[in-house]
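Taking it in order: structure first as structure tokens, then the write-up.
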Amino acid sequence: MCFSFHLGTLHNKCTVQKNSTFLVSNGCISSAPVEITSCSGLCETSSIYSAEANALVHSCSCCQEMTTTKKEATLTCPDGSNISHSYIYIGSCGCKASDCSGQSTSLRRRRRRL
């Protein structure tokens, strides 16, 4: 999902969000909370009329991961055994260009015939 900016200023810049939680997989759980990351924030999105194309030109960017690493956590299972569980850790986030649905809207296509 893309969010737009207000008056040219991004109020909630796209950044890494951190949260500690217990990892659970196949009934096994981490013995301590693990730091999980996500990307959250606003990126630029716009619709601008192009006289040359006689259409609206859309530009979108979404807040996404820029760098990631694979991390490992040890999970303890109900039978007392331990398993290694790998997960993706986000190192940095940024605004990446993305495909807007309906790249352009032609004015000719929108006119009704009488």
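Here, each number is a calculation from the coordinates, and none is a lab measurement. Since we're looking at a predicted model, the values are computed, not measured. All Cβ positions, even for glycine, are placed from backbone atoms using ideal geometry, and neighbour counts span all protein chains on display.
Structure values in brief
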{"quantity": "Fewest-first ranking of 90, 48, 83, using other Cβ atoms within 10 Å as the exposure measure", "calculated": "48, 83, 90"}
{"quantity": "Extended-chain gain in nm, criterion 0.36 nm per residue less alpha-carbon gap, residue 30 and residue 69", "calculated": "12.1 nm"}
{"quantity": "Principal axis box of the range 15-98, alpha-carbon based, largest edge first, Å", "calculated": "69, 20, 17"}
{"quantity": "Simple spin-label estimate for residue 96 and residue 21 in nanometres, 7 Å along Cα-Cβ", "calculated": "2.1 nm"}
